[in-house]
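Engineer: Mind having a look at this structure? Questions to follow.
The values are calculated or read from the model by the stated rules, or taken from the named source; none is laboratory data. A quick note: this is a predicted structure, and the numbers were derived from the prediction, not measured. With ideal geometry, Cβ positions are generated from the backbone for all residues, glycine too; neighbour counts draw on all protein chains shown.
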Amino acid sequence: MGNPAGVKRDFDALEDRRFEAFRLLKKGFSEAEVARQVGVHRQSVNRWGLQIEKHGRAGLKKAGRAGRKPRLNEGDLKKLESRLKQGPQALGYETNLWTLERVANLIERDFGVEYHPGHVGWLLGKLGWSCQRPTGRALERDEPAIERWKKRSWPRLKKKPSKKDAR
């Protein structure tokens, strides 16, 4: 089942729920009734009951963080962000465009940690950065001339259906 994307588990709330179940079990409620009151499946209450028998109340304590430990700590992430803000050209890249490959290369060069470029996007999202593509417009572009052409010349050149109901 799991959590919806982007929703983190609240380990304190989960621990509170297990302790509430423990309190109800001690009062003599059935597993099914405890499950209804706490809002979990009966099998979870059964598993918690076995944990209580084996380890006592300590068996219901939260396990701590989930998943693998991050390879870059918070200080490293702040340093990475400040390096990214300097811009690619300031760091020796040919153009002023960050790519996932360049960021992965920067991370490996500065922190000695190798990331696959496909995973760098997740890391940048965590820092609040998003995918931005340059517009790719010429510097010499004349916007007023383009607007005039769109209003005057384009309607004359555009093909129109020969009959009223034609496509």
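Engineer: Can you tell me which residue within the stretch 112-162, out of those that are within 20 Å of the chain's Cα centre (by Cα) and among the small types (G, A, S), is farthest from E74 (Cα to Cα)?
Structural biologist: The selected residue is G118.
Engineer: Restricting to the stretch 21-49, count the residues that are over 18 Å from K61 (Cβ atoms) and not in a helix (DSSP H, G or I).
Structural biologist: Looking only at that region, the number is 6.
Engineer: Please work out which residue is surrounded by the fewest Cβ atoms within 10 Å (Cβ to Cβ), limiting yourself to the stretch 27-53 and to residues that are modelled with pLDDT of 90 or more and of a type in the set (D, E, K, R).
Structural biologist: K27
Engineer: Let me ask something else. V103 - would you say it is at pLDDT 90 or above, surrounded by 11 or more Cβ atoms within 10 Å (Cβ to Cβ) and either aromatic (F, W, Y) or not in a helix (DSSP H, G or I) (or both)?
Structural biologist: So V103 fails the test.
Engineer: Could you please let me know if L77 is in a helix (DSSP H, G or I), modelled with pLDDT of 90 or more and within 30 Å of K126 (Cβ to Cβ)?
Structural biologist: Answer is yes for this residue.
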